[in-house]
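Okay, structure first, notes after.
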Amino acid sequence: MLKQKRTSRTPGRPKLNEQDMPIQELIIRTAAKTFMEQGYEAISLQQIAAICGVTKATIYYYYSNKAELFTASIEHMLTIAHQATKSLMDSEGHLRDRLERVAYVKIARPHSDLETMLKEAEKQLSEEHVQRIRLAEQMLYDLLARHFEEAMTQGQLQSGSSLLLAHAFSSLLMMGNRDSARQLFSSHEELATSIVDLFWQGAMKK
């Protein structure tokens, strides 16, 4: 009886079974959370591997280098943010109430500013990496802009650039990450409401 030939395997490559995809998902989720909390420079692939309970070689099987993992993890994070924001913005209720729900969810999970992280990582990122991140980010702005455009048509908001309004709202939400702003309010709900109030007063139709 002939023995079955053993297939050679690249060092560090995990076994291909039903656990294969969960391992990659664990890596990408862990990397996204860690980068968003601590930034780019402070984190190494070895640290991410240790948190995941895998070898550094396992990470290299899926991602060629730190810049690639960073890019993929930020894309992943922005995709999840897009899905969550879409669910909230597509729900029933007045636009202002939906914006408050979006603000609360974002404020309840503070993280590093994307622009700060990109500036920190820019020397390691290729043009393709940056373009991929910007494309994922743009999807969020486009989503908000679509709802703002509808509100303008309905007379809830003053006419103007819906995309600029989306950028303005997103910038205001980043205030929720600042300790100085968070300390002014007793709860995330109050801070979310105040940020949306500030936005609404400038954007609503007079």
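So here's what we get for this one:
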| read-out | value |
| --- | --- |
| Amide proton proximity set for LEU157, modelled H, under 5 Å, gap of 5+ | MET152, LYS205 |
| Of (i) 84, 37, 32; (ii) 60, 46, 32; (iii) 43, 40, 33, the label for Cα extents along the principal axes in Å derived from the coordinates | (i) |
| Charge sum, other residues only, whose C-beta stays under 12 Å from SER44's C-beta, Lys/Arg counted +1 and Asp/Glu -1 | +1 |
| Nearest-ten-degree value, helix 66-89 long axis tilted from longest Cα axis of the chain | 40 degrees |
| Count of Lys pairs (Cα-Cα under 16 Å; at least 8 positions apart or interchain) in the chain | 7 |
| Cα-centre dipole for the chain with unit charges at Cβ (Lys and Arg positive, Asp and Glu negative), debye to 20 | 960 debye |
| Mean separation of Cα contacts under 8 Å (6+ apart) over length of region 66-203, as relative contact order % | 33 percent |
| Highest to lowest packing among 133-145, 171-183, scored as the average C-beta count within 10 Å | 133-145, 171-183 |
| Neighbour-count order for THR79, THR30, fewest beta carbons within 10 angstrom listed first | THR79, THR30 |
| Net charge, LYS123 excluded, C-beta distance under 14 Å - Lys, Arg +1, Asp, Glu -1 | -2 |
| Under 14 Å, Cβ to Cβ, from LEU88 - net charge with Lys/Arg +1 and Asp/Glu -1 | +3 |
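Computed from the coordinates by the stated procedures, all read-outs in this text should not be read as laboratory data. All figures in this text were calculated on a predicted structure; none of them were measured in a lab. Heads up, the Cβs are rebuilt from the backbone with ideal geometry, glycines too, and the neighbour counts pull from every protein chain shown.
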